[in-house]
Structures are given as C-alpha cells and as structure tokens.
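The values are calculated or read from the model by the stated rules, or taken from the named source; none is laboratory data. Just so you know, these numbers come straight off a predicted model, no measurement behind them. As a convention, Cβ positions derive from the backbone with ideal geometry for all residues, glycine included, and neighbour counts pool all protein chains shown. Surface accessibility is based on the protein's heavy atoms, side chains included, excluding ligands, DNA and RNA. Shrake-Rupley method; radii C 1.70, N 1.55, O 1.52, S 1.80 Å.
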Amino acid sequence: MTIIFQAVGKSTTEFAWMKPGDTYLDVVGPLGLPTHIETFGTVVGIGGGIGAAPLLPIATAIKQAGNRLLSIVGARTKDLLILEERCGRSPTRSW
C-alpha cells in the first residue's frame, strides 16, 4: 500500500515520523464515488498540490482504457510538487 500525504496537521505529521514496523490505529478512505472510466479520446488530467495524489490512479486507468492522456500537475512552489515523474514528464515547465 502506498499512502501519499502532506504533513500539515497532527495526524499527517505523525505519519511523517513513522518508521517501517510502526503502527497507526485507524485510516479511512478512499471516500466518494469512483471515477467513470471509458474510452473518451484525449483526456487532460489536472491536479494541484496534494490533489495530484488521487489523479495518479485515475490517470493510469484512463490511459489503460486506450485514451491519449495529458497530465498537468502544479503546486504553490517547486518543493511542494509531488508525483511529477509518475504523472509523466513534460517538455515545458513553468515555476
């Protein structure tokens, strides 16, 4: 299991300090409705900040369904940008 998070509050800060073998009592998620996946043609996936985390499995499924995928990920600063490599590298970057 991969957990992608940003250390902001008490719980996520505790996650950041965990080491292999440490335990955490409760984790809830994912919540909400699943994304409808089909062959659309060209799809643009956009995620900002920690929003890039849920974009990754959706974009992967969209691509596997035979779509052309363009991914746009952004964040407030370069240091907060996550999953850039996994979402696909772009020849154009703007910081």
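Remarks
- Remark: accessible surface ordering of Met18, Met1 (largest first) is Met1, Met18, probe radius 1.4 Å.
- Most positive-pole-ward Cα, Leu83, Pro34, Gly9, against dipole of the chain from beta carbon charges: Leu83
- Shown are Ser11, Ser71, whose ranking by accessible area with a 1.4 Å probe and every protein chain present, most to least, is Ser11, Ser71.
- Ignoring the sites themselves, the chain has its longest run without trypsin sites (Lys or Arg not before Pro) in a DSSP loop having at most 10 other Cβ atoms within 10 Å at 1-75.
- Unit charges on C-beta of K, R, D, E only; dipole of the chain, Debye: 340 debye
- With all protein chains kept in place, the per residue accessible area of the chain amounts to 79 square angstrom at a probe of 1.4 angstrom.
- Fraction of accessible area attributable to carbon and sulfur, the chain (%, probe 1.4 Å): 58 percent
- Compactness check for the range 1-85: Cα Rg over 2.2 N^0.38 Å is 1.28.
- Built amide H within the under 5 Å cut-off of Ile72, gap 5+: Gly45, Ile46, Gly47
- Length-normalised contact order for the chain - Cα pairs under 8 Å, 6+ apart - percent: 24 percent
- Taking the C-alpha atoms only, the angle from helix 52-64 to the longest principal axis of the chain is near 40 degrees.
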